[in-house]
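A quick write-up on the structure given underneath.
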Ligand SMILES: Cc1cc2nc3c(=O)[nH]c(=O)nc-3n(C[C@H](O)[C@H](O)[C@H](O)COP(=O)(O)O)c2cc1C
């Protein structure tokens, strides 16, 4: 029997409300998928204390003991992840932001290349685009390839609105499933190349303090994984990264 595709939906809503309802609908409509919904509110997630230990010496040295690694391991096991949040005050929820902060060392040492994702935000009127774009921008740094950003307005809760939202979410979720099934190989974008070179250079400059990054980058050549990068594209990315590193190091 063929292995079931695994999709993990991470819901940043503090309750089983509008955002959860749409994820539950997607789960019901995709019985062939091993579809799990993680309500962040039902996990133990502590506030980041800002000690920088995860970035400098490694995430295994984080002083907090909570469910961070349990969620990250589920993301690694899944073929695709849906990052879903309600829009609160024109941004992602505080709970989703807490998850972002607890895992943000992964932006330094990305491990989710080859994994596909969807950003989804519900709102009552305005701001879902900001929440959605934030999710996409942030988790792209972890290596995820975002298939789409799905903004859903839940204002009247009329049958028409609910039907429209469900149809839209289902369409975008199908796109995610199709992309996973197509086994599309992921080509690094120019921005990712620049970021790679910035982080690699800084890991050398900061190696006395930040040895976790140094260890991670020291044997990596042109990118996070083996991929052929056109010569000129690589050189330009390295040149831009060099200028950015200079700006960072000289505070200009
Ligand atoms: C504290 C708070 C702030 C909100 N801020 C916004 C907002 O800035 N823009 C908006 O369109 N809706 C806003 N809403 C409405 C929610 O985004 C909307 O109802 C959403 O679908 C709620 O999802 P949930 O049931 O999963 O919490 C806000 C709701 C709350 C509770």
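With angles folded into 0 to 90 degrees, how steeply does helix 159-182 sit against the dominant principal axis of the chain? Use alpha carbons for both and round to 10.
For helix 159-182, the angle is close to 40 degrees.
I need the calculated FRET efficiency for the pair residue 42 and residue 227, taking r as the beta carbon distance and R₀ as 45 Å, to the nearest 0.05. Walk me through the numbers before you get to the answer.
Numbers: r = 38 Å, r/R0 = 0.84.
The formula returns an efficiency of 0.75 here.
Between 0 and 90 degrees, rounded to the nearest ten: what's the tilt of helix 68-77 against the longest Cα principal axis of the chain?
80 degrees
Looking at the square roots a ≥ b ≥ c of the eigenvalues of the Cα gyration tensor of segment 26-129, which shape do they give, rounded for a/c under 1.5, prolate if a/b is larger than b/c, or oblate?
Working: a/c = 1.89, a/b = 1.30, b/c = 1.45.
Taking the square roots of the gyration eigenvalues as a ≥ b ≥ c, segment 26-129 is oblate.
Going by average Cβ density within 10 Å per residue, which order do the peptides 58-67, 145-154 take, highest to lowest?
Details: 58-67: 13.9, 145-154: 20.0.
Peptide ranking by packing, descending: 145-154, 58-67.
What would the Debye equation give as log₁₀ I(q)/I(0) for segment 190-250 at q = 0.14, 0.25 Å⁻¹, counting only Cα atoms as equal point scatterers?
With no solvent term, the Cα-only Debye profile gives -0.37, -1.05.
Output the 0 to 90 degree angle, nearest 10, between the alpha-carbon long axis of helix 190-205 and the longest principal axis computed from the alpha carbons of the chain.
Roughly 50 degrees between the two axes.
So between residue 183 and residue 158, what do we pick up on full extension, going 0.36 nm a residue minus the alpha carbon distance? Don't skip to the end; give the middle numbers.
Details: separation 25, 0.36 × 25 = 9.00 nm, distance 3.81 nm.
Length gained, residue 183 through residue 158: 5.2 nm.
At a 10 angstrom cut-off on C-beta neighbours, averaged per residue, how do the peptides 173-179, 46-52, 2-8, 19-25 rank from highest to lowest?
19-25, 173-179, 2-8, 46-52
What's log10 of I(q)/I(0) for the chain at q = 0.17 Å⁻¹, Debye sum over Cα points only, no solvent?
-1.33
When DSSP assigns beta bridges and you keep just the ones with both residues in segment 6-182, what percent turn out antiparallel, to the nearest 5? Don't skip to the end; give the middle numbers.
Numbers: 1 of 27 bridges.
Of those bridges, close to 5 percent are antiparallel.
If I take every Cα pair under 8 Å that is 6 or more residues apart in the chain, average their sequence separation and divide by the length, what percent do I get for the relative contact order? Mind showing how you got there, number by number?
On the way: 385 pairs, mean separation 44.3, N = 252.
Here the relative contact order equals 18 percent.
Can you show me the helix-derived [θ] at 222 nm for the chain, built from DSSP H runs with n ≥ 4 at -39,500 (n - 2.57) apiece and divided by the number of residues, rounded to the nearest 500. Write out the running numbers ahead of the final one.
Working: 9 runs with 116 residues, N = 252.
That comes out to -14500 deg cm²/dmol.
Coordinate-derived values only; no laboratory data. Here the structure is a predicted model, which means the values were calculated and not measured. Because the Cβ atoms are built from the backbone with ideal geometry, glycine has one as well, and the counts that use them run over all protein chains shown.
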